[in-house]
Each structure stands twice: as C-alpha cells, then as structure tokens.
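Every number in this text was worked out from the coordinates using simple rules, so none of it is lab data. Fair warning: this is a prediction, and the values are worked out from it, not measured in the lab. Backbone-built Cβ (ideal geometry, glycine too); neighbour counts: all protein chains shown.
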C-alpha cells in the first residue's frame, strides 16, 4: 500500500510541476512575444521619427527627382547623356548631380515656368494665343537658363584654372628639381596651392594612389578640365613618359610657354579694350556731352527764332 501511495504522490507532484512549468513557459513565451512586438513598434516609431526629422527636400523632393530622372533616362539617347555628363565635369559637377538628375531638374524648371507663364496670362485674362505665347516665352527662358548656367560656370572655372596653371607648373618644376618624384611633387602642389586646379590635382593624386598609371591619371585630368593649356601639358607629360625624357625639362618648358600665353592673352585683351569702349562712348558719353555743350545754345536759338512769335 505504501509504495502505491508514494508512486501516486510522486506522479501527482510531477503533474503539478509539469503544469506550472507549462504555465510559466507560456507566460515567458507571451512576455517574449510582447517584448519583441514592443521593440518592433519602438523601432518602427523611431524610424518614422527619424524620417520625419529629415528636411522636406530629402523626404519628398530628392526622391521625386530620382524617380523623374529615371523616367527621363529612358527617353534620352545615350550620347546626349554622355555629352551632358562631360559638360557637368567641365562645370565642376555642381551639386554632385548626375546627367539624368540635371536633366530632370532642367525639365522641371521648364515645366514650372511654362505653368507660371500660362497662369499669369490666365489671371490677367489674356486671350488663348497670348496665354500660349506667355507660356512658351517663360518655358524658353527656363530652357536657356539651364544652358547658360552650365556654360557660364564652365567658362569661369576654365578661366580660373588657366590663371592658376603657371603658378602650379612653377611649383611642380621647383619640387621636381629639388629631387621629389612626380607624385610627391603633385602632393606638394596640393598642400601649398588653393583653387580649382588644386582640387583637380587632388583627384589626380587619389587616382595615382588607387593604382592608376600616370598616363591614365593625366588623361583623366585633361578630360575633366577641357582647358587647352592643361591638355597641352598633359600631352607633353605623357609623351615624356613614353620616350623616357626628363620631366624636369618638360615642366620648365611648359611653365615658360604657359606664362608666354598668359602674357599674350593679357595683351590681346588690352588691345580689344579700346574697341569695347566705343559702344558706351558713342551711345552714352557723347550724347551726354552734346547735351551739356549744345543744350544752352539750342535754348537760345529757340528763344531767338520761336520765342518772339
């Protein structure tokens, strides 16, 4: 009888322990699921707060431009994108924009000005033809603004590089003559110079450090700038590298030639200055002088011949 009671008691204890373990396990599983759900909710809420804390341009405008640029890319020929990308390189990659993104912004500007022109004509109650003309005019202005912006920025940037090139070549020449290698001389230029051309040499130095050959890095420098003097310098350096000529003499020759060209450009501008001054002289200064000199005489003649009637 006693063994049966003991076995029954142990069996009952086992059942009770199993019941409470199952109960606690379910509670632990429920707590774990609740914790996981709560963490997921907190993480989602944090992501939403982070998303809302971003500027409106990053949340709405730039994603829309990215989508629109993808759409524009589908309908734009490849050679047009390559040509625009080269123009952006010459302009210094404003805003680090890709060709498709710049095209998208350009088209959006044209569309906004078209709608603005039509809206202004409609508000002022113009006729249909006048509305079309106003919209076309402002759309044309938007189209020209995109072109003029790139060309102006490119011209300013290339003029700045032309102006900086003689000093950069002098520093390169002095550094190489002092015993530095070409790569170390470029590093010296980057450390001591400031400006657009120095930034381009930073890119060239990074390409050399990444394993590009000197010829490829110099060719890329010429392609990025599009400046005739830099292209001449790049060609001379590549030829010297191919023929094994001392780059010190090449650098000295290039520096002298660039300074001669700069002096010639200054002289050319000085010779053009009198011709350019003729327009304001004829249309603005001479009429003012004539008015000052002949005005009193004209008044006297008027009084003599017409004032007495």
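At a glance:
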| item | result |
| --- | --- |
| Residue-span extension gain [residue 143 to residue 299] - 0.36 nm each, minus C-alpha spacing | 51.0 nm |
| Full-stretch length increase - residue 209, residue 196 - with 0.36 nm per residue and alpha-carbon distance subtracted | 2.6 nm |
| Ranked by how many other beta carbons lie within 10 Å on average, peptides 291-301, 76-86, 101-111 from highest | 101-111, 76-86, 291-301 |
| Extension gain from residue 260 to residue 239, taking 0.36 nm per residue of separation minus the Cα-Cα distance | 5.4 nm |
| Residue order, fewest to most beta carbons within 10 Å, for 285, 275 | 275, 285 |
| Virtual spin-label span in nm between residue 86 and residue 126, 7 Å along Cα→Cβ | 3.9 |
